[in-house]
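Trainee: Take a look at the following structure, please.
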Amino acid sequence: MPVGQVAARPGGGGVGGMVLGGGAAVAAAVGGDDAVVMQLAAAEGEETVITVNCPDQAGLGCDLCRTILEFGLRITRGDVSTDGHWCFVVFWVVPRSSSIKIRWASLKNRLMSMCPSSYSIPFYPDISQPGPSKFYLLKLLSPDRKGLLHVRFADVTHILSDLELLIHRVKVSTTPDGRVVDLFFITDGMELLHTKERQEETCSTLMATLGPSISCEVLSAEGFQQGFSSLPPKIAEELFRVELAESEICSSSLSAELKRVQTATINFDNSLSPAHTLVQIICADQKGLIYDILRTMKDCNIQIFYGRFRSDKKGSVNKGCREVDLFVKQVDGKKVIDPEKQEALQSRLRSEMLHPLRVMIVSRGPDTELLVANPVELSGKGRPRVFYDATLALKALGICIFSAEIGRQAASERQWEVYRFLLDDSKEFPLANSLTNRNRVVDRVRKTLMGCYN
């Protein structure tokens, strides 16, 4: 396909709708508008086509998928190709929910910022750690005795997510006159929260949804440290175990989904290409699946030279499944021929597809705590929208949150991002002594994270 040309829809016909970027030839300077072109959907329910055409670098496909997932989009199909120096990527995407307002211009800018600016970047350099983001304190004052955190926390996280503001910790305190102060320690994905305009946009958007009785203030949190107390050894061992217990697979209400994922097939074929190994994957579709596959390849130092992602078609025997074909090489430029290396990669991929997120409920003294954990990339990046999805699930069950925090913990030879939610027990939905209700919480949170409800 010529450089800069937008792919047509499979089955004939072009794409309709507004175009963001494009117009000039890609002979223009790299990093110009042609590096990222968006063909917006002509109508609700149709796909938007995102084309990225720029120099390649280590894990670029993974980073693009992560950002698309962060903006609340689902990749329905995709084509990725590279010669090791230049890449051409096309993703067909749709919003995961009609309630999500996609900031297309902001997404385009974020994707543009990921595109390398020259050919001088090696294909697989050492993965560097991201620079520290500046922390801010968002203070919401509510006359409600229970506070925003209890009543409308999912609404707040939804708004902050749409504004590209990432929550790191939440605290609740009460003023002498009985009002409740909710404190959100956040970072800004746009890195503009130091400006008056960005602060006013944040507060006005929150107050428009939460009501005029809410007061809002954004302050610098220079002294904030993302401290995190380690989980008790027994709880950590259960949360981070590699495989699900047989009893959990058999008895869980997620049994149907888990058994379907367990039938995933991962095959290696070295006969079709003299230079590449073909990795073929057929597995159950779920939220973030393509991101999970690409981050696993990235962390295992497997280079993808061509990839195609397809959803099942109507009437297909693989209904509800995703088909993935990847032509890959090892970091040394060789094919993946060694059976032990194939088995190790197959095991890692299967683990990420079967168990990409860990969810459990534990007792914390007299209180009940929900734990959600996801693996961190070697680059230091965690999984997007976990905080939002978890609070959305708790809101659906009518469960209030007393406090929340996010931290990192090493286990199973890798880093994990751990979300800890201290839940408010109630007569309507008791948790302290009800195993049934606890299982309902775990089930709802896990299914929401996997995309069953959004």
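Trainee: For the list (1) open to solvent by less than 40 Å² (accessible area, probe 1.4 Å); (2) in a helix (DSSP H, G or I); (3) over 16 Å from Leu278 (Cα atoms), I need the number of the one condition that Leu370 fails.
Mentor: In the conditions (1) open to solvent by less than 40 Å² (accessible area, probe 1.4 Å); (2) in a helix (DSSP H, G or I); (3) over 16 Å from Leu278 (Cα atoms), Leu370 misses (2) alone.
Trainee: Just checking, how many residues over region 321-354 are part of a helix (DSSP H, G or I) and open to solvent by less than 30 Å² (accessible area, probe 1.4 Å)?
Mentor: From region 321-354, those part of a helix (DSSP H, G or I) are 339-354; that's our starting set.
Those still in the list that are open to solvent by less than 30 Å² (accessible area, probe 1.4 Å) too: 345, 349, 351-354.
Matching residues across region 321-354 total 6.
Trainee: With (1) touching a residue at least 24 places away in the same chain (Cβ under 8 Å); (2) over 16 Å from Ile361 (Cα atoms) as the list, and Leu431 as the residue in question, which single condition is left unmet?
Mentor: Looking at each condition in turn, Leu431 falls short on (2).
Trainee: Then there is this: Can you tell me which residue is farthest from Lys134 (Cα to Cα) among those in region 167-200 that are touching a strand residue (DSSP E or B) at 6+ places or on another chain (Cβ under 7 Å) and touching a residue at least 60 places away in the same chain (Cβ under 8 Å)?
Mentor: Val172
Trainee: Further question on the same structure: Determine which single condition Ala411 fails, assuming it passes every other condition in (1) out of contact with any strand residue (DSSP E or B) (no Cβ under 8 Å at 6 or more places or on another chain); (2) hydrophobic (A, V, I, L, M, F, W, C); (3) open to solvent by 40 Å² or more (accessible area, probe 1.4 Å).
Mentor: (3)
Trainee: Name the residue, out of Val151, Val93, that is surrounded by 15 or more Cβ atoms within 10 Å (Cβ to Cβ), within 30 Å of Arg308 (Cβ to Cβ) and either modelled with pLDDT of 90 or more or out of contact with any Leu (no Cβ under 6 Å at 6 or more places or on another chain) (or both). Before you say what the answer is, go through the steps one by one.
Mentor: On the way: Val151 fails: within 30 Å of Arg308 (Cβ to Cβ).
So the residue among Val151, Val93 that is surrounded by 15 or more Cβ atoms within 10 Å (Cβ to Cβ), within 30 Å of Arg308 (Cβ to Cβ) and either modelled with pLDDT of 90 or more or out of contact with any Leu (no Cβ under 6 Å at 6 or more places or on another chain) (or both) is Val93.
Trainee: Still on this model: With respect to Gly78, determine if the residue is in contact (Cβ under 8 Å) with a residue 40 or more places away in the chain, among the small types (Gly, Ala, Ser), in contact with a helix residue (DSSP H, G or I) (Cβ under 7 Å, 6 or more places away or on another chain) and buried (at least 20 other Cβ atoms within 10 Å of the Cβ).
Mentor: So Gly78 fits the description; yes.
Trainee: Among the residues that make up region 370-390, is at least one of them in contact with a strand residue (DSSP E or B) (Cβ under 8 Å, 6 or more places away or on another chain), at pLDDT below 90 and farther than 19 Å from Cys65 by Cα?
Mentor: No, every residue in region 370-390 fails to be in contact with a strand residue (DSSP E or B) (Cβ under 8 Å, 6 or more places away or on another chain), at pLDDT below 90 and farther than 19 Å from Cys65 by Cα.
Trainee: Only residues in region 271-282 that are open to solvent by 20 Å² or more (accessible area, probe 1.4 Å) count as the first member; pair them with residues that are modelled with pLDDT of 95 or more and assigned to a loop (DSSP other than H, G, I, E, B), Cβ under 7 angstrom, at least 6 apart or cross-chain, and list the lot.
Mentor: Filtered contacts from region 271-282: His276/Lys335.
Trainee: So which residues in region 195-204 are under 17 Å from His158 (Cα atoms) and exposed (fewer than 12 other Cβ atoms within 10 Å of the Cβ)?
Mentor: Ser204
Trainee: A further question on this structure: What is the one condition in (1) in a helix (DSSP H, G or I); (2) among the small types (Gly, Ala, Ser); (3) over 23 Å from the mean Cα position of the chain (by Cα) that Ala432 does not satisfy?
Mentor: Failing condition for Ala432: (1).
Trainee: Consider Leu137 carefully, then state whether it is open to solvent by 40 Å² or more (accessible area, probe 1.4 Å) and at pLDDT 85 or above. Don't jump to the end; show me each part of the working.
Mentor: On the way: open to solvent by 40 Å² or more (accessible area, probe 1.4 Å): no; at pLDDT 85 or above: yes.
Taking the combined requirement at face value, the residue does not satisfy it.
Trainee: With surrounded by 12 or more Cβ atoms within 10 Å (Cβ to Cβ), of a type in the set (A, V, I, L, M), modelled with pLDDT of 80 or more and under 30 Å from Leu349 (Cβ atoms) as the only criterion, which of Leu192, Leu239, Leu183, Leu210 stands out?
Mentor: Values: Leu192 fails: under 30 Å from Leu349 (Cβ atoms); Leu183 fails: under 30 Å from Leu349 (Cβ atoms); Leu210 fails: under 30 Å from Leu349 (Cβ atoms).
Answer to the check: Leu239.
The values are calculated or read from the model by the stated rules, or taken from the named source; none is laboratory data. Just so we're clear, the structure is a prediction, and the values are computed from it rather than from any experiment. Using ideal geometry, Cβ is built from the backbone for each residue, glycine included, and neighbour counts are taken over all protein chains shown. These accessible areas exclude ligands, DNA and RNA; they are computed on the full protein's heavy atoms, side chains included. Shrake-Rupley method; radii C 1.70, N 1.55, O 1.52, S 1.80 Å.
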